[in-house]
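Note sheet for the following structure.
The values are calculated or read from the model by the stated rules, or taken from the named source; none is laboratory data. Nothing here was measured: the structure is a model prediction, and the numbers come from that model. Positions of Cβ are generated from backbone atoms using ideal geometry, with glycine treated the same way; all protein chains shown enter the neighbour counts. Keep in mind that these areas ignore ligands, DNA and RNA; they rest on the heavy atoms of the full protein, side chains included. Shrake-Rupley method; radii C 1.70, N 1.55, O 1.52, S 1.80 Å.
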Amino acid sequence: MSPPAGIIIDTDPGIDDAIAILMALAGSPQGDLAHQVIGLTTVGGNVPLARATRNALAVLDAAGRPDIPVHRGSSRPLAGRFGYSFAFHGNTGLPGRLPKPQAGHANQRAAEFLAQRLRASPGEITLVALGPLTNLARLMQRHPGVLELAGSVCVMGGAVNSPGNVTPHAEFNFYSDPMAADMVLSSTVQLTLVDLGASRQVALSRRQVSALKGGNRMGEMAIRLLQDWFRLDQGRDQFQFYDPLALAASMDSQMAGVRQMTLQVETQDQERLGESKVVRPGGNVAVPERVDGVRFFAMLNRLFGWDGLDPENLL
Ligand code: BDR
Ligand code: CA
């Protein structure tokens, strides 16, 4: 029997990574091959690799899915070191506390797991990358041509025609490993790039998050994460759904109108490191321009069983 096809999430949890993982689990009934989560691969980024791996395991455990394997990837970018983002995500990378995970990580490393699964189900795996692109770049280096076997690739990263969030030019995931981002984007791999300009179109205010209630197991966890995130800093007024939008776009091609382009990522100029540079219109990268916010929040309501959020009346 061939292994089931489904979604692999490459991630550095991170609160918005955690919410994206919960969305995928909520849309992943046993046996539903379209949305089955077949594994997570972790990468340093928001937090060190060991903490990202532990957080991924803790989210799966608390969601009742400790059976899903977690494969550790890169603890460093292709060059240099990661600069973590505890100030945004909290001291452990997740606001609030999740119980200690019971399951451990798998022995097989991320790039090897990705290569094995992509080769086993050519054209059938959805790959969603929510952190620095180091694991995907390592896969390309060690197994040339295998990333192309993915049925679809959706990446959260970059700031195309919009200001960055780490520097005026760069978004966090691309800034964390510009060489990896450039290697993936400059390849021939067809991918959807949910950048900051797209993510900023789907946000909830402190008041809207405090009104959320109800929910299935994953939905309750997501509400707790969001409310705890606002509690970490009274100055916060809005949560932007970066990684959840990438997950949503991978599950629903109608989530946004896209424009195809050819992109490169700045790897040399220190001031502009990680900048997303449009080389020309047309090409392998689909960048969402107009996001359907009503559709996105309706998806959250549906997956999480939330009450208290009316997608038609968010403004
Ligand atoms: C990206 O950076 C991280 O902090 C988030 O998890 C998201 O993947 C947004 O710039
Ligand atoms: Ca992330």
Pick from the stretch 177-199, criterion part of a helix (DSSP H, G or I) and out of contact with any Leu (no Cβ under 8 Å at 6 or more places or on another chain), ranking: nearest to ligand 1 (Cβ to nearest atom): L196
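Conditions tested, residue by residue: (1) at pLDDT 95 or above; (2) on the phi > 0 side of the Ramachandran plot; (3) under 19 Å from the mean Cα position of the chain (by Cα).
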site: G219; (1), (2), (3): yes, no, yes
site: L247; (1), (2), (3): yes, no, yes
site: S253; (1), (2), (3): no, no, yes
site: M261; (1), (2), (3): yes, no, no
site: D269; (1), (2), (3): yes, no, no
site: L273; (1), (2), (3): yes, no, no
site: V287; (1), (2), (3): yes, no, yes
site: V291; (1), (2), (3): yes, no, yes
site: D310; (1), (2), (3): no, no, no
Selected residue [over 30 Å from G283 (Cβ atoms), touching a residue at least 60 places away in the same chain (Cβ under 8 Å) and open to solvent by less than 40 Å² (accessible area, probe 1.4 Å)] from A222, A246: A222
Wholly enclosed helices (runs of 4 or more DSSP H) of the stretch 1-116 bearing at least 3 residues at pLDDT 95 or above: 15-26, 49-62
Qualifying residue in the stretch 231-241 (condition: open to solvent by less than 40 Å² (accessible area, probe 1.4 Å), charged (D, E, K, R), farther than 21 Å from L130 by Cα and within 15 Å of ligand 1 (Cβ to nearest atom)): yes
So F230, is it in a strand (DSSP E or B), at pLDDT 95 or above, under 28 Å from G27 (Cα atoms) and of a type in the set (F, W, Y): no
Some residue of the stretch 200-219 being of a type in the set (K, R) and not in a helix (DSSP H, G or I): yes
Selection status of T53, under 27 Å from D233 (Cβ atoms), among the polar types (S, T, N, Q) and either out of contact with any Pro (no Cβ under 7 Å at 6 or more places or on another chain) or without any contact (Cβ under 8 Å) to a residue 60 or more places away in the chain (or both): yes
Identity of the residue in the stretch 179-200, out of contact with any helix residue (DSSP H, G or I) (no Cβ under 7 Å at 6 or more places or on another chain) and open to solvent by less than 20 Å² (accessible area, probe 1.4 Å), that ends up farthest from G257 (Cα to Cα): L185
Number of positions in the stretch 148-176 that are surrounded by fewer than 22 Cβ atoms within 10 Å (Cβ to Cβ) and either near ligand 1 (Cβ under 9 Å from one of its atoms) or in a helix (DSSP H, G or I) (or both): 5
Filter result (surrounded by 16 or more Cβ atoms within 10 Å (Cβ to Cβ) and either of a type in the set (D, E) or within 17 Å of G44 (Cα to Cα) (or both)) within the stretch 63-79: V70, H71, R72, G73, S74, S75, P77, L78
Scope the stretch 124-147; condition closer than 16 Å to A5 by Cβ and open to solvent by 50 Å² or more (accessible area, probe 1.4 Å); matching residues: E124
Enumeration of residues in the stretch 80-115 that are open to solvent by 60 Å² or more (accessible area, probe 1.4 Å) and more than 15 Å from L40 (Cβ to Cβ): R81, Y84, F86, A87, F88, N91, R97, P99, K100, Q102
Single unsatisfied condition, L139 versus (1) part of a helix (DSSP H, G or I); (2) in contact (Cβ under 8 Å) with a residue 60 or more places away in the chain; (3) among the aliphatic types (A, V, I, L, M): (2)
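To keep it simple, each residue is scored yes or no on (1) over 24 Å from G145 (Cα atoms); (2) touching a Gly at 6+ places or on another chain (Cβ under 8 Å); (3) modelled with pLDDT under 95.
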residue: Q201; (1), (2), (3): yes, yes, no
residue: I223; (1), (2), (3): yes, yes, no
residue: F239; (1), (2), (3): yes, no, no
residue: P244; (1), (2), (3): yes, no, no
residue: Q264; (1), (2), (3): no, no, no
